[in-house]
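Only one structure is covered here, and it is reproduced in the block below.
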Ligand SMILES: Nc1ncnc2c1ncn2[C@@H]1O[C@H](COP(=O)(O)OP(=O)(O)OP(=O)(O)O)[C@@H](O)[C@H]1O
Ligand SMILES: [Mg+2]
């Protein structure tokens, strides 16, 4: 133990800065600086991550209350300087094992067993460990280099000079072989960008940028051709040789890729088939009675032996007589895969490999090493907010669907309004026309802002990935999102508001014009904030749009136009609904803004003119004692409230929802168990952890 710790330190010493700060592989001077920053000491010390898991069982509750063991009694370890491959057929629990180790289990999954990092119980979310998930959530409008640069600015310490940050970014680009596409955009629904394999590599690049001590990757090579798969795996191996701990799940690796792994964890149906040196697996299978036939890729052979789907395939083929049986000496032809799996699992349990693994786990667990607390970002809050705002602004300005399309639609619609209500004037009929014009502008025109929802959902996906990896905090995200959207919303509302105001010729006067556009701006921003809050709870864009439209429909109904304010039924609809509706405040303000001070013709010319104040009070039932500016400020304060709600929703989603879901799942399980009387006490199982508590000092991971 001490030896390998010393070895890491020696490596650090050996790779002391050459002076220019340029990094090319090895434990770079930069990553050394990072760790020094983190630990606030001159001497870096042992910062390696030794991960062990013992008797790890993960049980999931299904919607009908049944439970299913996804993982059963897994024991293993991962050491610095090594790369561990998780292999197994689809559905064998590879992703679940990675999730369990990185404290990211689904809310209906319960964990028992011990997971120790450097001999201590730690929850590895929010930046302690980096996790590259199976799907790539990236910002489509940025180029590869920009994506990585922003990520660097978001997380590297402010003090580090930009030249060093850039050197790190460039070295990461080279390390992941992304030079050729470094200036190509990632791509989205309307932009053709980099290939799927390159996206995969960008996702990996983002996580290795900070040189994490512990790196989890879920199928980093899926979708890559054999050359890029080999390249990526070689890079991961290079990282591990730098004193890092790498665990990756892999589907069907080629023999070249397989040879790069140090350790192999073979899973089938959630059980361990083999854990040990990757190079010894060949021997293990031979000892268990399933030697790898000549001319077969060993890893293919291992997976062939443990994939029970082959039984079904064979049965089907047999039934349709498509399989011709030729005599060969492959033991798998004589027995079913299910039997083979059982034999292998039993064989492993009593083998020296299992024994050695347990011994090693015990040995590693005994050494209480450095507490690797949440790594995450080392940039200041200001730097995070600034970078996020800039990144989000660039994304918004490049994504045609985010605001530009809306600007076009807004201008078109307001020109339509302008022509329909052209020079509305002050005759008797214009009274209602002005009312309906205002109601249309503040009802339907603001409503059109829900069109931005799909873009919000994309933003939220990127946020969730980055948040879980500890790139930045919720406050920085909410703040940056608010600020970056501001110029676009101003542009849209000022252009379309101006078109509408001057075509219709609403109440003349600069202040009246200003009120009109400000009110439109505030209302559209409220809709944006409302939709953002919805996006944080409902990450599905169809459902989100339906919910957003429903909420706004109700708000519009109580705005005081479709039913006059005093006629709205008092319980619920008038109090509090109409006061919660921003449409209500917008209309109250705009009616006053437009009618106050104007004189309208009466029904016949011989009757006296009607003052605007009279119409406000008797026809539209507006509270004229309240200034229109008060109405406007209420809408502005609603923006703040909705943004706070947005913030709270994210927090609730992170902390409360997992707890509630876990509680409900546990209840369902208990009810079911009450009748079934199973041997596992549900209370003994740990609920999947709340995301916030990344360092668990209470030790609930142990049964
Ligand atoms: N939260 C959950 N609720 C219900 N079932 C689950 C849950 N998590 C995992 N499972 C089930 O556990 C099994 C293992 O899933 P997992 O995603 O870990 O497989 P995998 O080995 O990663 O597969 P693949 O190679 O296809 O990604 C699957 O049958 C899956 O349906
Ligand atoms: Mg998976």
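The values are calculated or read from the model by the stated rules, or taken from the named source; none is laboratory data. Small disclaimer: the values here were computed from a predicted structure and weren't measured. Heads up, the Cβs are rebuilt from the backbone with ideal geometry, glycines too, and the neighbour counts pull from every protein chain shown.
Does segment 46-67 hold any residues that are more than 20 Å from residue 266 (Cα to Cα) and within 11 Å of ligand 1 (Cβ to nearest atom), and which are they?
Once the filter is applied, which keeps residues that are more than 20 Å from residue 266 (Cα to Cα) and within 11 Å of ligand 1 (Cβ to nearest atom), segment 46-67 yields 60, 61, 62, 63, 66, 67.
Can you tell me which residue among 555, 582, 541, 636 is surrounded by fewer than 22 Cβ atoms within 10 Å (Cβ to Cβ) and assigned by TED's automatic domain parsing to the domain that holds residue 424?
541
Given the structure, is residue 74 modelled with pLDDT under 90, crowded, with 21+ Cβ neighbours inside 10 Å, more than 11 Å from ligand 1 (Cβ to nearest atom) and assigned to a strand (DSSP E or B)?
Against the criterion (modelled with pLDDT under 90, crowded, with 21+ Cβ neighbours inside 10 Å, more than 11 Å from ligand 1 (Cβ to nearest atom) and assigned to a strand (DSSP E or B)), residue 74 does not qualify.
In segment 50-71, how many residues are surrounded by 19 or more Cβ atoms within 10 Å (Cβ to Cβ) and either on the phi > 0 side of the Ramachandran plot or more than 16 Å from ligand 2 (Cβ to nearest atom) (or both)?
10
If I go through segment 102-120 residue by residue, how many of them are within 16 Å of residue 48 (Cβ to Cβ) and either crowded, with 21+ Cβ neighbours inside 10 Å or touching a strand residue (DSSP E or B) at 6+ places or on another chain (Cβ under 9 Å) (or both)?
So the count comes out to 4.
Regarding residue 86, is this residue out of contact with any helix residue (DSSP H, G or I) (no Cβ under 8 Å at 6 or more places or on another chain) and either away from ligand 1 (no atom under 15 Å from the Cβ) or touching a residue at least 60 places away in the same chain (Cβ under 8 Å) (or both)? First the steps, then the outcome.
Values: out of contact with any helix residue (DSSP H, G or I) (no Cβ under 8 Å at 6 or more places or on another chain): no; either away from ligand 1 (no atom under 15 Å from the Cβ) or touching a residue at least 60 places away in the same chain (Cβ under 8 Å) (or both): yes.
In short, no.
Looking at (1) surrounded by fewer than 22 Cβ atoms within 10 Å (Cβ to Cβ); (2) touching a residue at least 40 places away in the same chain (Cβ under 8 Å); (3) within 10 Å of ligand 1 (Cβ to nearest atom); (4) not in a helix (DSSP H, G or I), which one does residue 95 not meet, given that it meets all the others?
Residue 95 satisfies all of (1) surrounded by fewer than 22 Cβ atoms within 10 Å (Cβ to Cβ); (2) touching a residue at least 40 places away in the same chain (Cβ under 8 Å); (3) within 10 Å of ligand 1 (Cβ to nearest atom); (4) not in a helix (DSSP H, G or I) except (4).
Restricting to segment 259-286, and then to whatever is within 16 Å of ligand 2 (Cβ to nearest atom) and in contact with a strand residue (DSSP E or B) (Cβ under 7 Å, 6 or more places away or on another chain), can you tell me which residue is farthest from residue 81 (Cα to Cα)? Please lay out each step first, then the result.
Our first condition is that a residue be within 16 Å of ligand 2 (Cβ to nearest atom); within segment 259-286, this holds for 265-270.
With in contact with a strand residue (DSSP E or B) (Cβ under 7 Å, 6 or more places away or on another chain) added as a condition, the list becomes 265-267, 270.
Details: 265: 17, 266: 20, 267: 23, 270: 26 Å.
Checking each candidate, the answer is 270.
Residue under question is residue 15, and the condition is that it be away from ligand 1 (no atom under 16 Å from the Cβ) and either modelled with pLDDT of 90 or more or farther than 29 Å from residue 308 by Cα (or both); does it hold?
Answer is yes for this residue.
When segment 77-92 is examined, which residues are found to be within 13 Å of ligand 2 (Cβ to nearest atom) and surrounded by fewer than 23 Cβ atoms within 10 Å (Cβ to Cβ)?
If the condition is that a residue be within 13 Å of ligand 2 (Cβ to nearest atom) and surrounded by fewer than 23 Cβ atoms within 10 Å (Cβ to Cβ), then 89, 90, 91 are the ones that fit.
Of all residues in segment 365-384 being modelled with pLDDT of 90 or more and in a helix (DSSP H, G or I), which is nearest to residue 276 (Cα to Cα)?
384
Out of the residues in segment 242-258 that are more than 20 Å from residue 89 (Cα to Cα) and in contact with a strand residue (DSSP E or B) (Cβ under 9 Å, 6 or more places away or on another chain), state the one that is nearest to ligand 2 (Cβ to nearest atom). Working first, answer last.
Quick first cut of segment 242-258, residues more than 20 Å from residue 89 (Cα to Cα) only: 242-246.
Now narrow it down to the ones that are in contact with a strand residue (DSSP E or B) (Cβ under 9 Å, 6 or more places away or on another chain): 244-246.
Numbers: 244: 22, 245: 20, 246: 17 Å.
Among those residues, the one meeting the criterion is 246.
What residue, among those in segment 218-245 that are within 24 Å of the chain's Cα centre (by Cα) and free of Cβ contacts under 8 Å to residues at least 60 places away in the same chain, is farthest from residue 81 (Cα to Cα)?
223
Scan segment 208-221 and tell me whether some residue there is away from ligand 1 (no atom under 16 Å from the Cβ), at pLDDT 90 or above and surrounded by fewer than 23 Cβ atoms within 10 Å (Cβ to Cβ).
No, there is no match, as no residue in segment 208-221 is away from ligand 1 (no atom under 16 Å from the Cβ), at pLDDT 90 or above and surrounded by fewer than 23 Cβ atoms within 10 Å (Cβ to Cβ).
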